[in-house]
Amino acid sequence: MNIKISIMGALEIRDELHKFVDIGDPQFLEVMYKAAKNYMEQKRKDRMIAEGEEDIKAGRTHSLKEARKIIDNWEIK
């Protein structure tokens, strides 16, 4: 039952946000856009950190020498 309540809450919030976007002035839209973009970027960084921590725990690491070799072989596209 809690999952259904959470989903309904999320749906209601989404609908409300759509209304705000529809009536918002350019300044409001810019603030909302920046907040959403920052939030999504932080979530991406959090996932990368969690993946890195899992790699370390699993022993999937490189020595400094190996890391330098990897970087030296990167191609800029």
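The values are calculated or read from the model by the stated rules, or taken from the named source; none is laboratory data. In this text the structure is predicted, and so the values were computed from the model without any measurement. Ideal geometry is used to build each Cβ from the backbone, glycine not excepted, and the neighbour counts take in all protein chains shown. Remember, those area values only see protein heavy atoms, side chains included, never the ligands or the DNA or RNA. Shrake-Rupley method; radii C 1.70, N 1.55, O 1.52, S 1.80 Å.
Being open to solvent by 100 Å² or more (accessible area, probe 1.4 Å) and closer than 30 Å to V21 by Cβ is the filter here, so list the residues in the stretch 45-77 that pass it.
Residues satisfying the conditions are R47, M48.
Would you be able to tell me the number of residues in the stretch 26-44 that are open to solvent by 100 Å² or more (accessible area, probe 1.4 Å) and of a type in the set (F, W, Y)?
Residues that pass the stated criteria total 2.
Of (1) surrounded by 10 or more Cβ atoms within 10 Å (Cβ to Cβ); (2) at pLDDT 95 or above; (3) among the β-branched types (V, I, T), I23 satisfies all except one. Which?
(1)
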